[in-house]
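Report on the structure given below.
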Amino acid sequence: MSQSRIIGAVDIGAASVTVLVGDIVNGRSLNIIGKQDATSEGVKKGEIVDFKAVSNATHAAIMGAEKSAGAQIDSIYLTQTGSHLEGFYNSAAVNVSSSDSRVSEADIARAMSEAKAKKLSDDRLYIHHIRSHFLLDNRVSADPLGMQGEKLEVGYWSIHGDERKVRDHIHVINGFGLNVEDIILSSIASGTVIATEEEKRAGVMVIDMGAGVTDWAIYQNGIVARTGVLPVGSDHITNDLALGLRVNRKYAKKLKTSFGKAVLEQDDRQEKVWMVGDQMIGDRRIPKQSLIQIVRERVEEIYDLVKRQAGELCHEKFLPAGVVLTGGGSHLDQIDLAGEKILGVPIRRGELPSWVHDNLQRHEYTSALGLLHFALSGQSLDDSALQRKQRGLLRRVTQLFVN
Amino acid sequence: MSELSGKSFRSDLNSEGVRVKIIGVGGAGTNAVDRIQMMPQEQINLAAVNTDAQALESSPIGEKLMIGKSVTRGLSTGGDVEIGQTAAEKDETKLRQMVDGQDLIFIVAGLGGGTGSGAAPVISRLASEQGALVIAFVTLPFTFEGARHHEVAENALVAMRSHCDAVIPLPNDLLLQQMDESATVLDAFAQADAWISRGIQSICAMLTQTGLINLDFAMLRKVFEGRGGKTLFGLGRGEGDDFMQEALNDLALCPLLHTPGFAKRADSLLVNIIGGTDLGISHVNQIMTAIAEKFGSKEQIVLGAVVDESCQNTVEICVIGATHVTGYRPERKVRRTAPRIDIAPEPRPSVTKKTPDDELFDTVETKPKPLVHESKLGKKRQPELEIDQEEFTFVSEDEQRGFFENTERNIFDGEDLDVPTYLRRGVRITL
């Protein structure tokens with residue numbers, strides 16, 4: 001008898017709320033059976049500013065997705081972003097305890113719990129602990145159990161967020177009467193599907209440029225080494241255009257999508273474009289150069305800030321597979337070229353894997369697809385030995401919010 | 001006081017009786033007022049207040065006041081806001097004399113330094129306590145001047161807003177946009193001064209000159225009194241054959257109307273048009289239609305038109321207004337219709353009582369961005385509505401943050417990332 005689990009992947013962004021419905025059959029295969037987008041209200045820079053508006057939009061999207069799937073969602077996977085998220089790297093080393101110097105399970109557990117023992121202040125909540133590979137006497141080892149050595153070392157990239165803000169997100173889902181199964185960082189959700197396993201092993205950076213925020217993650221040796229959130233996204237470009245060109249947001253957005261470009265070329269210098277383009281009264285001609293300059297300044301700054309956040313890891317040396325762009329903001333013309341100039345690393349727009357159906361092959365859906373991928377693999381980001389405990393904790397946390 | 005009440009009916013009927021004083025505070029403020037003095041302004045008194053004796057000495061302004069002699073010994077504040085504030089407080093009596101008996105006081109200051117940021121809020125408070133309508137023009141520092149200057153300027157702006165009827169901030173970043181590529185920093189400062197004098201002159205012209213449609217002081221006061229929203233201020237100028245269209249275009253592109261904090265629509269609006277004898281009623285109508293479409297409906301607009309014979313073939317439009325905010329209390333209207341001189345003695349207790357609350361709200365609840373320009377209007381005369389006003393501040397602060405309202409400030413290395421990059425980098429955009 002086949003067992004099927006209906007999973008909803010919810011990505012609440014600043015521009016739209018995306019809900020994908022996946023049917024996980026026997027825990028092995030995934031069919032995407034429903035989808036719904038809703039225009040997002042009340043989210044700015046990745047954070048909820050108007051709880052009611054966000055709830056309404058999200059509930060409408062979930063309802064639409066269930067309808068299109070013709071099935072009831074059992075549980076929800078949710079993305080999380082926002083400038084309140086922070087990460088740090090913490091490592092711990094233990095001496096191998098047994099007399100024959102072979103690593104026991106107890107040693108591993110001790111090292112792992114010590115590396116994660118750092119206490120956060122009361123209002124902060126751990127979202128993920130992402131383990132790097134073990135080091136046994138400074139040798140990299142994926143699974144040191146039973147190996148011989150003296151010193152076992154392990155480190156975690158731990159991501160934590162403002163408890164109230166995470167809770168707000170969960171409350172939105174709870175308000176619909178559904179439980180949140182897991183929360184995944186947007187950058188990691190996107191990274192899972194947009195970069196290939198080979199790229200992750202070699203070293204790659206994923207930049208997900210959304211409307212509200214720019215999320216990024218750096219993979220090393222196949223695992224997430226660093227993540228970050230820059231609370232600047234394509235909404236900022238629209239806002240800059242509205243202010244700089246003295247047009248309202250509607251036209252600013254239209255100008256951005258029709259003529260926006262991240263690199264100023266010789267041909268653009270003399271050209272002028274119509275603000276509205278329908279010959280109506282009040283229409284005026286805007287120098288393309290000004291438009292592009294405004295966009296370019298912002299895009300270059302975004303890359304520059306990401307580079308500064310990522311620090312030394314954002315270097316050609318650590319990123320042989322370059323940078324992969326995704327998210328709605330990556331549609332901007334020549335945004336890849338502009339980035340290469342700043343980061344000094346080859347940049348390309350990502351491609352979603354071929355199993356993704358044509359009508360989902362859009363950069364806006366990357367995070368939500370990533371969530372489904374997580375739901376399928378049942379994998380938690382956190383290491384397997386502590387997986388149950390960690391998931392239990394998260395469940396406890398989410399259940400706490402239900403009541 | 002008796003002097004004021006003696007001519008109160010005159011000032012409503014005939015604008016000649018309005019006493020206007022322009023006070024420049026600090027180095028930047030004094031320089032700006034110096035420039036205004038170059039133009040003939042008969043009925044306007046100019047005054048300068050500074051802590052720096054040397055700078056004050058060189059100013060051609062008639063009425064000069066050095067404050068804080070006991071604090072700074074005639075030297076400047078060295079950029080210390082607290083010294084600026086103490087200096088003003090120490091010489092409160094002198095300052096009070098300076099603002100006494102005026103109907104309309106313009107305060108001009110450059111925020112970010114010591115004297116401007118420290119003393120200007122104190123002078124604003126004294127001026128409004130004396131019953132004058134207080135309109136402040138303040139410049140905000142360039143982004144490249146650093147985070148500290150910005151913080152100082154912001155705090156001062158918050159303080160100014162709680163004391164003035166209208167605060168019109170001029171971010172230097174924005175003014176640089178109006179300049180040529182080759183412009184120097186000095187040019188940018190001159191540009192700021194030019195905007196300030198254009199603004200002041202437009203307001204004064206509508207009060208002192210008579211023309212097609214008269215506007216008087218009472219109307220100006222009415223726009224601000226009892227309103228608790230944003231200040232809207234814009235200027236447009238046109239010359240030549242098609243001066244009408246040019247002026248309207250210029251107004252549409254006015255940088256002051258396109259900063260994040262400015263209201264695009266106003267609930268009460270004063271529009272003044274200054275033109276030559278060739279300015280016809282059809283022109284005025286054309287302007288009205290365009291402006292009503294842009295900023296609100298015609299019903300809420302008070303229109304004035306002035307004919308100045310020296311302005312043939314040119315027209316200057318000045319738009320000044322305020323918005324209601326949610327939570328606006330009609331009770332205010334009662335106060336507004338009351339004669340101004342009756343309310344004049346009242347504000348003192350309310351101001352002193354309310355300030356800590358205001359500050360609490362402004363700084364803790366929603367820190368304004370450097371480019372948010374808003375004034376808290378009509379707050380000071382309402383001792384009995386204190387609680388309402390706190391709600392008020394809260395609502396209006398939220399509304400005024402432009403598209404990124406309701407969000408936390410986006411500070412990275414002391415720069416507010418919500419402010420357009422091109423502005424912070426000083427990249428000039430041509431339109």
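Only the coordinates and a few stated rules stand behind these numbers; no lab work does. Computed from a prediction, not measured in an experiment: that's the story for all the values here. Neighbour counts are summed over all protein chains in view; Cβ atoms, including those assigned to glycine, are modelled from backbone coordinates with ideal geometry.
Quick rundown of the values:
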| quantity | calculated |
| --- | --- |
| Using θ = phi - 60° and Karplus 6.51 cos²θ - 1.76 cosθ + 1.60, couplings along the stretch B:102-119 (whole Hz; Gly, Pro as x) | 9, 8, 10, 10, 9, 10, 10, 8, x, 8, x, x, x, 5, x, 6, x, 8 |
| Value at 222 nm in deg cm²/dmol, rounded to 500, when DSSP H runs of n ≥ 4 in chain A each add -39,500 (n - 2.57) | -11000 deg cm²/dmol |
| Where trypsin sites (Lys or Arg not before Pro) in DSSP loops with at most 16 other Cβ within 10 Å are excluded, longest remaining stretch of chain A | A:120-268 |
| Added length on full extension, which subtracts the Cα-Cα distance from 0.36 nm per residue, B:Phe403 to B:Asp100 | 105.0 nm |
| Extension reserve of the A:Asn138-A:Met63 stretch, reckoned as 0.36 nm per residue once the Cα distance is removed | 21.8 nm |
| Label-point separation in nm, B:Glu151 to B:Ile281, each point 7 Å along Cα→Cβ | 5.9 nm |
| In range of the label at A:Ser91: residues from the stretch A:150-174 whose backbone nitrogen is under 17 Å from the point 7 Å along Cα→Cβ | A:150-158 |
| 15 Å beta-carbon shell around B:Ile317, net charge (K/R +1, D/E -1) | -4 |
| Charge context of A:Asp23, other residues only, Cβ under 13 angstrom, K/R +1, D/E -1 | +1 |
| Zone residues, the stretch B:158-179, relative to B:Ile411, backbone N less than 20 Å from point 7 Å out along Cα-to-Cβ | B:158-161, B:171-173 |
| Peptide-level mean, for B:411-421, of C-beta atoms on other protein chains within 10 Å | 6 |
| Point-charge dipole on Cβ atoms (K/R +1, D/E -1) for the stretch B:112-248, about Cα centre, debye to 20 | 740 debye |
| 10 Å Cβ neighbours from other chains, averaged over peptide A:291-302 | 4 |
| Modelled FRET efficiency - R0 60 Å, A:Leu145 with A:Glu265, Cβ distances, 0.05 increments | 0.55 |
| Lys, Arg +1 and Asp, Glu -1 on Cβ, resulting dipole of the stretch A:196-349 about Cα centre, debye, nearest 20 | 480 debye |
| Gained length - A:Thr196 relative to A:Trp274, 0.36 nm times residue gap less alpha-carbon distance | 23.9 nm |
| Chain A, relative contact order [Cα under 8 Å, separation at least 6], % | 17 percent |
| Inter-label distance, nm, simple model (7 Å from Cα along the C-beta direction), A:Lys52/B:Leu431 | 3.6 nm |
| Separation of the B:Glu92 and A:Arg362 label points, Cα + 7 Å toward Cβ, nm | 6.3 nm |
| Whole-number percent relative contact order across the stretch A:196-349, with pairs defined as alpha carbons under 8 Å at least 6 apart | 28 percent |
| Relative contact order computed over the stretch B:54-198 (Cα-Cα under 8 Å; 6+ residues apart), in percent | 19 percent |
| Nearest-20 debye value, chain A charge dipole, Cβ charges on Lys, Arg, Asp, Glu | 640 debye |
| Sites A:Glu340 and A:Asn26, calculated FRET efficiency, Cβ-Cβ separation with R0 56 Å, nearest 0.05 | 0.80 |
| Cβ-based charge dipole, chain A, positive-most Cα from A:Thr192, A:Leu325, A:Leu136 | A:Leu325 |
| Violating pairs (Cα-Cα greater than 21 angstrom) within the set B:Lys64/B:Lys222; B:Lys69/B:Lys94; A:Lys45/A:Lys256; B:Lys21/B:Lys64; B:Lys64/B:Lys94 | B:Lys64/B:Lys222 |
| Per-residue ³J(HN,Hα) for the stretch B:162-169, Karplus 6.51 cos²θ - 1.76 cosθ + 1.60, θ = phi - 60°, Hz, x for Gly and Pro | 6, 10, 9, 6, 8, 10, 10, x |
